[in-house]
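The values are calculated or read from the model by the stated rules, or taken from the named source; none is laboratory data. Just so it is clear, the structure is predicted and the values come from calculations on it, not from any experiment. Note that each Cβ is placed from the backbone with ideal geometry, even for glycine, and that neighbours are counted across all protein chains shown.
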């Protein structure tokens, strides 16, 4: 063994020693527990930590969320709040016309709903087209495919805050985009303070950040299509466009559906990168539902946790429907659509 | 000591009963082979003895101590698994040491035991390899070694040879027999291969559908199968079973007639049979000889003759579509040709009543 | 060289170029620029001085102004190339500036003040890196603390995730007990409950257990990931039960079976989960933003957002700290990308 290898082994052992020691200490009481309760008791032991955390921080909030949405006040503890029944929902849903936010009692909420709806439509469409095109290109016999795959995947790992800041920096008045515009003789523009461009930026940046993930799913689907189908089509003299519509697309459909539904689910929850990029502005033109929940629940001076909670339940209902859709689609595609 | 007693063992998974009231007594130092077709409950029975599973009902004793509710670890038994179940992330040495470390055996003692087992099983050269780097035969030895170092009250072996190729299986079988002789420890061995059972066992337990069909020494089972199932299961090629009718029956002899002009007097206790009863006549292929057509022989047409050299396996068909297999100690049996005449010696015949039970001679 | 070109341009079946090949390569090269460009631009900008960041049009590379020590002045002075009225050019140092007129001196003759219209001069610059953008936030602002908080949250949350998820996955894959399927269903079912749906009640629960404004309040709600349990359980199902039985015969307790047999054998799945957990926790934003109100507890993401949200954004620090925040994820990307892509292709996990 070389010196370096010895050192590495020694360091590894030194690091592992306390953990191994701890594990053997734990073993002593657990043995008696096992003797007393059998394997059933051991199953309970192994499940306990995860289920305790899961219960306290997921299940309990899930249940009391309904109670929250039926109370009013600014206090966070349930016992300090007043029961108001369905008033919060009435307030949210009180609208002259759902198409005109100005007629709504809680116009900010409906502004956010409208914005989110627009965002979802634009983002899902753009995301699907872009990631599909990229997957198709990566599926060709391209030199250095894994390199190119990595190129498109890279932004997926970036934090939303970093993504938002990078693009804020590029889109700001003295930014890179204006440099390009300037060099081509155009007029520099304040992209993020313009309603249309701020929305376009929010959509594009979120596509930029996440397309690598969906490309990967689509690429896996493309590579699962048997080669000999293409060879058979070639033997039959089928035109490439026809091969795409009649072989590639139908066989890729399960993956494509998963991608569309997953994008949909995540687009509905859009928050962080848009928040960092535009802060909801200009005005309320890029205010989305999650940001509305956050601001009404915590940040705003007129905070109203009950209202935020009612809004979150309405959004949750939409997500449940979409997720059930995804499970149905996913089962058909034999692909597990797990996510955090 | 390693005496294992099972009393009225039942095991059910929900509504499905896997074992029906098994009673079994395994003597100290005995090699007991549990044999039967797949799904007969032999592996379940072994897991119950091991303590990896609990009987729904019944009692398991080791050396007179009731261990029914004692955990696997505390029964002092060792098991060799069909897939070997070697820990893939540990070296061979660590695999052998794992069980001993768990009972806090001193390190020197562990080393001594591993060295001894490695020498005995000739696995010393690859003690520091991982199981993934070993051949099937080597893994098998390691699996046995892991059991041997434990110095157990009894060994439990679950189809240990079934993952080896034919040649290796035969040599390993012989080594296992030698190992048993040397250790003189009780072994309970599960297999579906009757040849393994015959060659290894002190006693064989034939099981079917969760019940014991017969327990006995290998040759006893071969020579006097208790019922049609055992008759068909033990011996290769299988015993020929022909439908016959009782023509006369007495306390010492039963006369039967069957297809292809079969007519024979079998030495058996016929008091339970009466004229005209349906019965089954069994005769092993090796007991059949070519005859010149004299009385007591049957006519059959040869459909296939497999020449193995010293002997020829003849597949023939008799009147009434009854198939007959005979192993003849000669060469040159023609497939195409006139029907041949085969002699079925009455003293080698087995008679089973309509319920499939042996009609023994008194 | 021509060999390289043939290799790079070769196509299926060795046929010639088709228009789709050109489109493909344009797409890929365009992708390269759009995907990596912003990050490269960010890193480049993070080395620019505040003055340079305010310039338009911006330069591609970071420059620093040349400075010189001039006799009679305490601080080093910035050098300019000045076009003098007689048409000649000379290098002068700026003493002070009043409106559009700068008072300058010749470093060789520090006693004579020359008044120069600022339109007639150009700063003397060379490529240089304003590394103080990185050093300053750590020293004078709280970024070192934010970094520590982020590392603490990421490491602890990942360790706890690995331990609790693997224990639960072990029970759910290797034991038969009443309610097992129900438990699994419950866990998988909450996949459809994102944080934003339970934000308000979760806040009050965390408050009720006294974890508001504490890093543990950031860590604990995130560790019982359904994805992790699901991923590990699927993997553990492939570990043969006979191995566990063998260990039971070997006197191993159930804890030892988990610890010494199942955990080492599930190492590949644990590695994937660990990588994901590190990325998730490092990048978490909304939850820490809600739970943490004391500034000294901020994680990097929250801290960055706060500083970037101020009226007077100090971009030179923000950019540098964004690069710092990116570094761990870049490292994961460079060294462990393979695990992640195979993890996603296998389970659709993110």
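Considering B:86, B:134, which residue is in contact (Cβ under 8 Å) with a residue 40 or more places away in the chain and under 27 Å from the mean Cα position of the chain (by Cα)?
Values: B:134 fails: under 27 Å from the mean Cα position of the chain (by Cα).
Criteria check complete, one pass: B:86.
Could we say that residue A:50 is facing chain C (nearest Cβ under 9 Å) and either over 14 Å from residue C:255 (Cα atoms) or touching a residue at least 60 places away in the same chain (Cβ under 8 Å) (or both) here?
On the way: facing chain C (nearest Cβ under 9 Å): yes; either over 14 Å from residue C:255 (Cα atoms) or touching a residue at least 60 places away in the same chain (Cβ under 8 Å) (or both): yes.
Answer is yes for this residue.
Looking only at residues that are at positive phi and part of a helix (DSSP H, G or I) in the range B:243-294, which one is surrounded by the most Cβ atoms within 10 Å (Cβ to Cβ)? Step through it out loud before you land on a result.
Taking the range B:243-294 as the starting set, the residues that turn out to be at positive phi are B:260-261, B:276, B:293.
When the remaining residues are screened for being part of a helix (DSSP H, G or I), the result is B:260-261.
On the way: B:260: 22, B:261: 16.
So, considering only residues that are at positive phi and part of a helix (DSSP H, G or I), the one surrounded by the most Cβ atoms within 10 Å (Cβ to Cβ) is B:260.
Step by step: first the residues of the range C:224-258, then only those that are outside any helix (DSSP H, G or I) and within 9 Å of chain B (Cβ to nearest Cβ), then the one that is farthest from residue A:57 (Cα to Cα). Which residue is that?
To start, the set of residues in the range C:224-258 that are outside any helix (DSSP H, G or I) comprises C:224-225, C:237-240, C:250-253.
Those still in the list that are within 9 Å of chain B (Cβ to nearest Cβ) too: C:240, C:250-253.
Details: C:240: 34, C:250: 39, C:251: 37, C:252: 34, C:253: 31 Å.
If we take residues in the range C:224-258 being outside any helix (DSSP H, G or I) and within 9 Å of chain B (Cβ to nearest Cβ), then C:250 is farthest from residue A:57 (Cα to Cα).
Note on the range A:291-305: residues that are surrounded by fewer than 19 Cβ atoms within 10 Å (Cβ to Cβ) and in contact with a helix residue (DSSP H, G or I) (Cβ under 7 Å, 6 or more places away or on another chain) amount to 2. Regarding the range A:224-241, can at least one residue be identified that is in the same structural domain as residue A:127 (by TED's automatic domain parsing), in contact with a helix residue (DSSP H, G or I) (Cβ under 6 Å, 6 or more places away or on another chain) and in contact (Cβ under 8 Å) with a residue 24 or more places away in the chain? Looking for residues that are in the same structural domain as residue A:127 (by TED's automatic domain parsing), in contact with a helix residue (DSSP H, G or I) (Cβ under 6 Å, 6 or more places away or on another chain) and in contact (Cβ under 8 Å) with a residue 24 or more places away in the chain, one finds at least one in the range A:224-241, hence yes.
Condition first: surrounded by fewer than 20 Cβ atoms within 10 Å (Cβ to Cβ) and at pLDDT 90 or above. Can you find one or more residues in the range C:224-234 that meet it?
The first filter runs over the range C:224-234 and keeps only residues surrounded by fewer than 20 Cβ atoms within 10 Å (Cβ to Cβ), leaving C:234.
Subsequent filtering for residues that are at pLDDT 90 or above retains none.
No: the range C:224-234 contains no residue that is surrounded by fewer than 20 Cβ atoms within 10 Å (Cβ to Cβ) and at pLDDT 90 or above.
Matching residues to (1) within 7 Å of another protein chain (Cβ to nearest Cβ); (2) within 18 Å of residue C:256 (Cβ to Cβ); (3) part of a helix (DSSP H, G or I):
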| position | (1), (2), (3) |
| --- | --- |
| A:28 | no, yes, yes |
| A:42 | yes, yes, yes |
| A:46 | yes, yes, yes |
| A:56 | yes, no, yes |
| A:75 | no, no, no |
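Is it fair to say residue C:220 is within 10 Å of another protein chain (Cβ to nearest Cβ), within 20 Å of the chain's Cα centre (by Cα) and at pLDDT 90 or above? No, not satisfied.
With within 26 Å of the chain's Cα centre (by Cα) and either away from chain A (no Cβ under 11 Å) or in contact (Cβ under 8 Å) with a residue 24 or more places away in the chain (or both) as the only criterion, which of C:173, C:150 stands out? Explain how you work it out, then say what you get.
Working: C:173 fails: within 26 Å of the chain's Cα centre (by Cα).
Only one candidate passes the filter, namely C:150.
Within the range C:203-217, the presence of a residue that is at the interface with chain A (Cβ under 9 Å from one of its Cβ atoms) and under 30 Å from residue B:47 (Cα atoms) is excluded.
For the range C:317-324, the count of residues that are closer than 30 Å to residue C:202 by Cβ, assigned to a helix (DSSP H, G or I), more than 7 Å from chain A (Cβ to nearest Cβ) and in contact with a helix residue (DSSP H, G or I) (Cβ under 9 Å, 6 or more places away or on another chain) is at least one.
Selection within the range A:283-326: residues that are more than 9 Å from every other protein chain (Cβ to nearest Cβ) and within 27 Å of residue A:257 (Cβ to Cβ). The member of this set that is modelled with the lowest pLDDT is A:325. List the number of the failed condition for residue B:30; all other conditions in (1) over 16 Å from residue B:212 (Cα atoms); (2) out of contact with any helix residue (DSSP H, G or I) (no Cβ under 8 Å at 6 or more places or on another chain); (3) surrounded by fewer than 19 Cβ atoms within 10 Å (Cβ to Cβ) hold. If we test residue B:30 against (1) over 16 Å from residue B:212 (Cα atoms); (2) out of contact with any helix residue (DSSP H, G or I) (no Cβ under 8 Å at 6 or more places or on another chain); (3) surrounded by fewer than 19 Cβ atoms within 10 Å (Cβ to Cβ), just (3) comes out false.
Can residue A:329 be described as crowded, with 22+ Cβ neighbours inside 10 Å, at pLDDT below 85 and assigned to a helix (DSSP H, G or I)? When the stated conditions are applied, residue A:329 does not pass them. A residue that is over 30 Å from residue B:72 (Cα atoms) and facing another protein chain (nearest Cβ under 7 Å) occurs somewhere in the range C:262-279.
Of the residues making up the range B:135-151, those that are within 16 Å of residue C:246 (Cβ to Cβ) and in a loop (DSSP other than H, G, I, E, B) are B:149, B:150. Number of residues in the range C:53-102 that are out of contact with any helix residue (DSSP H, G or I) (no Cβ under 9 Å at 6 or more places or on another chain) and within 30 Å of residue A:189 (Cβ to Cβ) equals 1.
Scanning the range B:328-350 for residues that are crowded, with 19+ Cβ neighbours inside 10 Å and under 25 Å from the mean Cα position of the chain (by Cα) returns B:349, B:350. Just one residue in the set C:292, C:265 is in contact (Cβ under 8 Å) with a residue 12 or more places away in the chain, more than 20 Å from residue C:145 (Cβ to Cβ) and surrounded by fewer than 23 Cβ atoms within 10 Å (Cβ to Cβ); that residue is C:265.
Give the residue that is surrounded by the most Cβ atoms within 10 Å (Cβ to Cβ), with candidates limited to residues of the range A:118-145 that are free of Cβ contacts under 8 Å to residues at least 40 places away in the same chain, at the interface with chain C (Cβ under 8 Å from one of its Cβ atoms) and part of a helix (DSSP H, G or I).
Just the residues of the range A:118-145 that are free of Cβ contacts under 8 Å to residues at least 40 places away in the same chain, to begin with: A:121, A:125, A:129, A:133, A:137, A:140-145.
In the following step, the residues that additionally are at the interface with chain C (Cβ under 8 Å from one of its Cβ atoms) were identified as A:133, A:137, A:140-143.
Filter once more, so that each one left must be part of a helix (DSSP H, G or I): A:133, A:137.
Numbers: A:133: 17, A:137: 23.
If we take residues in the range A:118-145 being free of Cβ contacts under 8 Å to residues at least 40 places away in the same chain, at the interface with chain C (Cβ under 8 Å from one of its Cβ atoms) and part of a helix (DSSP H, G or I), then A:137 is surrounded by the most Cβ atoms within 10 Å (Cβ to Cβ).
What's the total number of residues in the range C:235-247 that are free of Cβ contacts under 8 Å to residues at least 12 places away in the same chain and surrounded by fewer than 23 Cβ atoms within 10 Å (Cβ to Cβ)?
From the range C:235-247, those free of Cβ contacts under 8 Å to residues at least 12 places away in the same chain are C:238, C:240, C:242, C:245-246; that's our starting set.
Next, from what is left, pick out any that are surrounded by fewer than 23 Cβ atoms within 10 Å (Cβ to Cβ): C:238, C:240, C:242, C:245.
Residues flagged as free of Cβ contacts under 8 Å to residues at least 12 places away in the same chain and surrounded by fewer than 23 Cβ atoms within 10 Å (Cβ to Cβ) within the range C:235-247 amount to 4.
Could you check the range B:298-315 and list, in sequence order, the residues that are in contact with a strand residue (DSSP E or B) (Cβ under 6 Å, 6 or more places away or on another chain) and over 9 Å from residue B:260 (Cβ atoms)? Within the range B:298-315, B:301, B:302, B:303, B:304, B:305, B:306, B:311, B:312, B:313, B:314, B:315 meet the criteria. Residues in the range A:266-314 that are outside any helix (DSSP H, G or I), free of Cβ contacts under 8 Å to residues at least 12 places away in the same chain and under 25 Å from residue C:205 (Cα atoms): A:300, A:301, A:302. Of the numbered criteria (1) touching a helix residue (DSSP H, G or I) at 6+ places or on another chain (Cβ under 8 Å); (2) assigned to a helix (DSSP H, G or I); (3) more than 10 Å from chain C (Cβ to nearest Cβ); (4) without any contact (Cβ under 8 Å) to a residue 40 or more places away in the chain, the one residue A:220 fails is (3).
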